[in-house]
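Here, each number is a calculation from the coordinates, and none is a lab measurement. The structure presented is a predicted model; accordingly, all values stated were derived computationally and were not measured. Cβ atoms come from the backbone with ideal geometry, glycine included; neighbour counts cover every protein chain shown.
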């Protein structure tokens, strides 16, 4: 199957490849959609495809740049979380701009993770009601958590896309491979 993750060279490479595979699932879910389609709620859920992509990009940035790399300017807050599921056209957000940011965050994650001496590095989670007090996690844990988070949202994206126009993940994989010139 063409969505299988390529063989890894080591643990770090494997974790980054599995994370990238989940990013691909989300990216394929918006293949060929307009901004209007990507911001349409399908069914009872308030989730939209553009909102899911914006959310996972921000989530990745908070975990990697904010928590793991200790860059406070990337720390998350409740307001970011709430607006993080919505495309904000009045702020210039489009599906294309959210996808470009998604790609930039992915590149920054790869650079950050590859700059670490190892995945055993631990960091304390910030104080927040949703984290146990004093909890510390490793870089490995953060990557595994992101894979888990992205896989959950890739599943949501599959359901939303199929509800919008009936297109399934398998059809979108075939289309993306065709566009890349692979069969």
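Here are some notes:
- Rounded, prolate or oblate (a/c below 1.5 giving rounded, otherwise prolate when a/b exceeds b/c) for region 11-100 by Cα gyration tensor: oblate
- Three-way shape label, region 58-123, alpha-carbon gyration tensor, a/c 1.5: oblate
- For the chain, the longest principal axis of the Cα atoms and the long axis of helix 95-115 meet at an angle of about 30 degrees.
- Ellipsoid fit via the Cα gyration tensor, region 123-172: semi-axes of 34, 12, 5 Å, each the root of five times an eigenvalue, largest first.
- Sequence-separation-based contact order of region 11-179, relative, with Cα cut under 8 Å and 6+ spacing, percent: 33 percent
- Shape of region 11-179, Cα gyration tensor, a/c cut at 1.5: prolate
- Residue of 81, 102, 131 that the Gaussian network model of the chain assigns the largest fluctuation, springs spanning Cα pairs under 10 Å: 131
- Note on the chain: GNM, Cα springs under 10 Å; of 138, 163, 115, the largest mean-square fluctuation is that of 115.
- Label positions at residue 73 and residue 111, each projected 7 Å from the Cα along the C-beta direction, are separated by 1.2 nm.
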